[in-house]
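A.B. asks: Pasting a structure below so you can have a look.
The values are calculated or read from the model by the stated rules, or taken from the named source; none is laboratory data. Computed from a predicted model, the values in this text were never measured in an experiment. Glycine also receives a Cβ, built like all others from the backbone with ideal geometry; neighbour counts cover every protein chain displayed. We work out accessible area using only protein heavy atoms, side chains counted, and drop any ligands, DNA or RNA first. Shrake-Rupley method; radii C 1.70, N 1.55, O 1.52, S 1.80 Å.
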Amino acid sequence: MQKINNDNTWGILSLWYNWMLGYGAITLLIILSLWVRPLYLPFIAFAMQGGIFLLIRRNRAKALPSCFILPFIVTRVLFWTGVVMVIINYLHMSGIAANIFSAENLNPSIPFIAVLITTPITSLITGWGVWNRNKLSFCRDCRMRNGGPAERGFLGKLYTQEGNYQVATLFLIATLVAIASWTYYLVLYVNVSLTPLDKFFFVWLRVILWIASSIYLALRYIGLLGYYRQNVQGSLMRHGRSTRLRFILICDDRVAVLPPESDPDRMVDLDERLDTPIQTYISRRDNLSFYDAEQYLIAMAHITPPVDLRFMYSNLMGNADCNIFHYLCFLTDEQRKELDTANPRIIWLNLSQLAEAINTKVMAPLLSAEMVRLHTIAMAWKTYFPDGKRRYAIKHYKPTFRIADIKDWNVDYNNPHWIYVADNNQDTPFYHCRRFWRKYVNGIGQ
């Protein structure tokens, strides 16, 4: 139990560390511009990008990786900042800038002011992150490797919320700073040398903002830590260091779900939604025999063996609360009757009803994640080869998906490569370029 608390506590504190690292790298580049010659400054930006990139790769290899979305976005900021600086230096050194701008507007000793480059680029890239939110390739890759927020427990929900919050906060700061900096530059700045007032406005005021925002987020995460210890820690103590078993029950073309209890004397839990009727917690295990899983199912579902049970996938990394094993169980009509008799509240949904329950968010997040994974991997497997090339000559052709056919498919739902294929295949624009970019530039390594 102590390890769960330590892991979740570090998960909260790592968010503050990532803010200090990400925003601090941009701020450090601005500070260094006071002493480093403009010719060398872009190479420092590239070096900082490479250093953060290595930290991202190391984080991805951990059993409990933290949310590095902000440092990832900062690597893009540093890269494009360096590119723009290189271009400006080239224009000055080649004399092209002198042919474009008048002499009084040029100062060879100060070809650019770092904050006037970093803040607009930061605003644009973080704005792109705010617009796309969890659709960024970095976030999709994280879900592919570690599972979605519901599958990662407390940390998954925390990282989803705070990752978006940090990106939005940096976007707001960068936008305001970019507007203020360019206004000062156009109205008050004289392009001769940097006066003490210029240095304060272009450099030291940015340092003050970084310190102030770091203090604010430190207080925010101290508050989240207090919330965790008061509201979440107690519920985790009931299960301790555990393993969670979940069984998705299928009969013909329908899936069994259990609605929340309707008890007027019971406090309403807003998190309770339609979920699978058979699930349990057991003592922590890193692997589970098929026989043991079958015995748990038979005992909880009150059905007569034999049962057609298939392993679906597992979440062994990324969740400090527990690991999860997911199974598919295909019932006969007789076993369905036994299950309905043992638990009359169970209802059976067809494909369209499942889709409606997911879209209207009346289905439990974890069951929604299971259904989405099942559909995504099955459709990728039916449509494409493992290398992403189409199985059929018809572009954008999508085969049919029927719940009743799932038992006849030999699909490895535990292989995240099929999620990657669903995202990057021959039907996506610039298929080969995207594969190259994801492997060698994004660092996803597929």
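A.B. asks: Based on the mean of other Cβ atoms within 10 Å per residue, sort peptides 62-73, 36-47 so the most packed one is first.
C.D. replies: 62-73, 36-47
A.B. asks: Also, quick follow-up: Under the rule a/c < 1.5 gives rounded, and otherwise a/b versus b/c splits prolate from oblate, where does segment 300-373 land using the Cα gyration tensor?
C.D. replies: oblate
A.B. asks: Something else: Give the accessible surface of segment 125-233 per residue, rounded to a whole number of Å², with probe radius 1.4 Å and ligands, DNA and RNA excluded.
C.D. replies: 52 Å²
A.B. asks: Now for a different question. Grab the beta carbon distance between Gln230 and Asn99, set R0 = 45 Å, and tell me the FRET efficiency rounded to 0.05.
C.D. replies: Once the sixth-power term is evaluated, E becomes 0.10.
A.B. asks: Between His432 and Leu205, how many nm apart are label points set 7 Å from Cα along the C-beta direction?
C.D. replies: 5.0 nm
A.B. asks: Top mean-square fluctuation among Met48, Met93, Met85, Gaussian network model of the chain, C-alpha springs under 10 Å?
C.D. replies: Evaluated over the chain, the most mobile residue of the options is Met93.
A.B. asks: If I model a spin label at Lys62 and Lys389 as a point 7 Å from the Cα along the Cα→Cβ vector, what separation in nanometres do I get?
C.D. replies: Between Lys62 and Lys389, the simple spin-label model gives 4.0 nm.
A.B. asks: Kindly work out what percent of the DSSP beta bridges joining two residues of the chain are antiparallel, to the nearest 5.
C.D. replies: 65 percent
A.B. asks: Which percent of the accessible area of the chain is formed by carbon and sulfur heavy atoms (probe 1.4 angstrom)?
C.D. replies: On the chain, the fraction of accessible area on carbon and sulfur atoms equals 62 percent.
A.B. asks: Which distance in nm do the two modelled labels at Asp308 and Tyr165 give, with both placed 7 Å along the Cα-to-Cβ direction?
C.D. replies: Going by the 7 Å Cα→Cβ label model, 4.7 nm.
A.B. asks: Oh, and also: Any idea what diffusion coefficient segment 69-187 gets from Stokes-Einstein, in µm²/s, Kirkwood Rh on alpha carbon pairs, 25 °C, 0.890 mPa s?
C.D. replies: 149 µm²/s
A.B. asks: Please find the FRET efficiency linking Glu294 to Ser352, where r is the Cβ-Cβ separation and R0 is fixed at 45 Å, and quote it to the nearest 0.05.
C.D. replies: For Glu294 and Ser352, the calculated efficiency is 0.90.
A.B. asks: Quick one: angle between helix 137-146 and the longest Cα principal axis of the chain, in degrees between 0 and 90, rounded to 10, please.
C.D. replies: That helix lies at roughly 40 degrees to the long axis.
A.B. asks: Return the FRET efficiency for the residue pair Trp35, Leu172: r is the Cβ-Cβ distance, R0 is 30 Å, and the value is rounded to the nearest 0.05.
C.D. replies: After rounding to 0.05, the efficiency reads 0.55.
A.B. asks: So, one more: By a straight-distance test (C-alpha under 30 Å), which lysines pair with Lys407 as possible cross-link partners, with residues fewer than eight away in the same chain excluded?
C.D. replies: Lys337, Lys361, Lys382, Lys389, Lys395, Lys398
A.B. asks: Farthest toward the dipole's positive end in segment 84-178, which of Ala114, Leu170, Trp131, given Cβ charges of +1 (Lys, Arg) and -1 (Asp, Glu) about the Cα centre?
C.D. replies: With unit charges placed on the Cβ atoms, the residue in question is Trp131.
A.B. asks: For helix 69-94, report the angle its Cα long axis makes with the longest principal axis of the Cα atoms of the chain; keep it between 0 and 90° and round to the nearest 10°.
C.D. replies: The helix 69-94 is inclined about 30 degrees to the chain.
A.B. asks: Under a GNM of the chain (C-alpha, springs under 10 Å), which listed residue has the highest mean-square fluctuation: Ile12, Ile26, Ile113?
C.D. replies: Between Ile12, Ile26, Ile113, it is Ile113 that shows the largest mean-square fluctuation.
A.B. asks: Still on this structure: Can you tell me the orientation of helix 365-383 relative to the chain, as the angle in degrees between its alpha-carbon axis and the longest Cα principal axis, to the nearest 10?
C.D. replies: 90 degrees
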